[in-house]
Structures are given as C-alpha cells and as structure tokens.
1. Can you tell me which residue among T329, T333, T306 is in a helix (DSSP H, G or I), open to solvent by less than 60 Å² (accessible area, probe 1.4 Å), within 28 Å of K37 (Cβ to Cβ) and not aliphatic (A, V, I, L, M)?
2. What pairs come out if I take residues in segment 180-198 that are touching a residue at least 40 places away in the same chain (Cβ under 8 Å) and pair them with residues that are of a type in the set (K, R) and open to solvent by less than 30 Å² (accessible area, probe 1.4 Å) whose C-beta lies under 6 Å away, six or more apart or interchain?
3. Out of the helices (runs of 4 or more DSSP H) lying entirely within segment 86-169, which hold 1 or more residues that are among the polar types (S, T, N, Q), open to solvent by less than 10 Å² (accessible area, probe 1.4 Å) and modelled with pLDDT of 95 or more?
4. Conditions: (1) out of contact with any His (no Cβ under 9 Å at 6 or more places or on another chain); (2) more than 26 Å from K345 (Cβ to Cβ); (3) of a type outside the set (G, A, S). C255 meets all but one. Number of the miss?
5. Could you check segment 1-76 for strands (runs of 3 or more DSSP E) lying wholly inside it with 2 or more residues that are open to solvent by 50 Å² or more (accessible area, probe 1.4 Å)?
6. Can you say whether S70 is among the polar types (S, T, N, Q) and farther than 16 Å from Y129 by Cβ, as far as the supplied structure shows?
7. May I ask you to say which residue of Y129, Y138 is among the hydroxyl-bearing types (S, T, Y) and farther than 25 Å from H47 by Cα?
8. Look through segment 308-344, keep the residues that are at pLDDT below 95 and under 15 Å from the mean Cα position of the chain (by Cα), and return whichever of them is nearest to A215 (Cα to Cα).
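The values are calculated or read from the model by the stated rules, or taken from the named source; none is laboratory data. Computed from a prediction, not measured in an experiment: that's the story for all the values here. Note: ideal-geometry Cβ built from the backbone for every residue, glycine included; neighbour counts use all protein chains shown. SASA here: full protein model, heavy atoms, side chains in, ligands and nucleic acids out. Shrake-Rupley method; radii C 1.70, N 1.55, O 1.52, S 1.80 Å.
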Amino acid sequence: MGRENLSFVLEKQGIVKFEDRPIPKLASPYDVLVNVKFTGICGSDVHYWQHGAIGSFIVKAPMVLGHESSGIITEVGDKVTSVKVGDRVAMEPGIPCRRCVRCKDGKYNLCIDMRFAATPPIDGTLAKYYTLPEDFCYKLPDSVSLEEGALMEPLAVGVHITRQANIQPGQNVVVFGSGPVGLLCCAVAKAYGANKIVAVDINEERLKFAKSYAATDVVVSQRESAPDSAARIIRDCDLGHGADVAIDASGAEPCIQAGIHVLRTGGTYVQAGMGKSDIMFPIGAMGAKELNVKGSFRYSSGDYATAVGLVTSGRVNVKELISNKVKFTDAETAFNDVKAAKGIKTLIEGVEDSA
C-alpha cells in the first residue's frame with residue numbers, strides 16, 4: 001500500500017477502507033496544503049458510516065471521512081499572507097461560496113453552496129494532506145497543542161450555539177445532553193459568566209464528568225412527562241420561575257419538550273442536537289411564554305477565532321475532553337468506540353511519515 005496521501009474512506013454504508021490518493025493540488029493562490037495531525041470523530045461521521053446518509057445528504061460514491069482536524073502547513077499559494085509553511089493550525093472544514101446573500105451578511109454557515117468536509121460528495125480531512133483557503137486556517141499559539149487544535153471544531157459549534165442563545169452574565173442555563181457539544185456549551189456558558197449551568201442527561205457517568213468540568217448542577221433524566229421533568233429540574237436546581245436559556249444538545253424528543261417547559265417567560269431556547277426530523281412540540285407553551293426559539297447550524301463568522309481565543313486564554317479547557325488517541329491505521333477501531341459511546345472525545349493521529 002502506498003503512503004502518498006493515505007486516506008480513511010467510507011466506500012459505502014457500513015464499509016470503510018484505507019486508500020492511497022494523490023496529494024491534493026492548490027486550487028487557488030490563496031490556498032494552503034495542510035499535513036493533518038489530529039482528527040476528532042463526530043457523531044455525523046459515525047452516522048454516515050452506519051447509515052450512509054443524513055437527511056438529504058446521501059453517500060453515493062466513496063468519501064473520505066472526518067472534519068474535526070488540526071495540522072501543520074506544508075505549502076502555501078502565491079498570495080497567502082496570513083500563514084506560512086510550518087505554522088500549526090486548526091482547520092475550519094466548511095468552505096462557503098462567499099458571494100450569496102447569506103455569505104455577505106456574515107451567516108456563511110447558511111450558504112446554500114457550502115462545501116463541507118465529509119458531507120457528500122465532499123471528501124473529509126481523515127487523510128495525510130488536505131487543502132483549505134488560508135482564512136479557514138487558524139494559527140495556534142505555542143501554548144495550544146495540535147490535539148487541542150482538533151477540538152476547535154466542536155468548540156466553535158458550542159460558541160455558535162451560545163451566541164444564538166445570547167447568554168449573559170448572571171443567567172441560568174439548562175443544557176440537555178452531555179456529549180462533547182453539550183459539555184462545550186456548558187464550558188462556554190461558564191466562560192460567558194452564566195450563574196447556574198445545569199447539565200441533563202440519562203448517562204450518569206457523563207453527568208459526573210459534566211459536574212467536574214463546567215456544570216454547577218446535574219440532573220438525571222427519568223421517564224416522566226415533559227412538564228414534570230421541567231418542574232423537577234426547576235425545583236431541584238432552584239431556578240425560580242424557570243431558566244433564562246435552554247439548549248438542547250441531545251436531539252431527543254423528551255429533552256426538546258422539557259426544554260420548552262423549563263424556561264421562564266420570555267426565555268430563549270436553542271435547538272442544537274440532531275434527532276428525528278419531526279417531533280411533537282409544545283407550541284402552546286412556546287407561544288404563551290413568548291419564547292425566543294432558534295436553530296443553530298455549525299458555526300459562522302468569528303466563531304472559530306473565538307474558540308481559539310477561549311482556549312488560549314484558559315477560559316475553556318478542551319484537553320479534559322480527550323479520552324483516547326489512536327493511530328491512523330486504527331481509525332475503524334476508534335469509530336467503533338465512538339459508536340459504543342466510550343469516553344468523551346477520541347482523536348485519530350495523522351498518518352505517520354515512516355508508514
């Protein structure tokens with residue numbers, strides 16, 4: 001097997017393989033070539049592997065997986081000025097068209113022509129080399145490791161969610177779901193000065209970690225009605241008339257329903273988790289409370305830079321989320337571990353030069 005640009009490829013639903021591909025060429029004088037050093041595994045990667053599709057995005061041809069990556073720049077285009085060969089960078093994996101109305105108003109995450117890594121038919125970052133525009137590479141200071149750099153992607157998601165929620169100092173926040181994104185929402189809310197940060201999950205081990213990480217209170221989900229669940233959270237966590245902000249990072253229908261009920265009047269709800277396409281939604285409570293209800297999709301202008309700044313300043317710690325690192329050649333084992341919900345965040349190391 002060659003090693004020019006070894007890549008981890010989803011051949012079709014349920015079947016992955018290693019494949020040597022050509023080193024990608026710089027398509028623009030503003031592009032750079034990155035030697036990928038660490039890649040985190042996201043739930044969407046596992047979902048494509050297991051099911052071959054997410055909504056309307058269907059794997060119709062072999063596709064390289066991965067989009068949470070960091071690396072070292074090995075080549076730059078003629079007009080690149082912001083980074084140089086040898087720089088260690090976090091890699092933002094979605095490239096918008098830059099010309100549509102959504103791009104021009106700063107919400108490029110909503111670009112209808114977005115080319116996002118490991119979203120069919122675009123290849124992902126689980127390869128030895130990957131190309132990006134220079135302005136989608138974020139230089140890491142010496143104090144931030146490449147391992148931490150790979151976690152800037154889920155942290156940027158957490159930054160965007162909390163921006164959608166407009167979290168203010170002194171507010172009480174309830175976060176449903178204590179996976180990596182939910183935990184990072186707790187961490188960013190803490191950095192932004194939230195008063196109480198309540199983590200809700202069915203997994204008591206995850207909640208134990210959440211309490212040691214960024215949550216002030218934790219609540220174990222139980223089989224009960226959404227209003228009863230919300231009332232229990234409000235009572236046990238002393239939230240008065242309800243939380244100021246509720247974030248769902250689970251995608252689970254009972255959590256979404258409880259999230260609406262746990263809010264005070266005039267509160268803000270943000271949907272971050274992905275679950276069923278259609279659910280029963282407590283629209284009566286939403287209207288009567290005059291809630292601000294928002295979606296959240298990936299990250300947009302300034303979110304990655306904010307993520308790097310939060311880690312650099314020490315206000316958010318992402319090292320604690322790294323529960324395992326595996327060799328590139330053990331990538332499938334890592335995917336199986338993530339599917340089995342082992343640990344918090346598993347990183348796949350880059351292709352070894354000597355391999």
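1. On the way: T329 fails: open to solvent by less than 60 Å² (accessible area, probe 1.4 Å); T333 fails: open to solvent by less than 60 Å² (accessible area, probe 1.4 Å).
Of the residues listed, the single one that is in a helix (DSSP H, G or I), open to solvent by less than 60 Å² (accessible area, probe 1.4 Å), within 28 Å of K37 (Cβ to Cβ) and not aliphatic (A, V, I, L, M) is T306.
2. Taking only residues 6 or more apart or on different chains, the pairs are P180/K345.
3. 152-165
4. All conditions pass for C255, except number (2).
5. In segment 1-76, 6-12, 15-20, 68-76 are the strands (runs of 3 or more DSSP E) which contain 2 or more residues that are open to solvent by 50 Å² or more (accessible area, probe 1.4 Å).
6. No: the conditions fail for S70.
7. Y138
8. The extreme case among them is I344.
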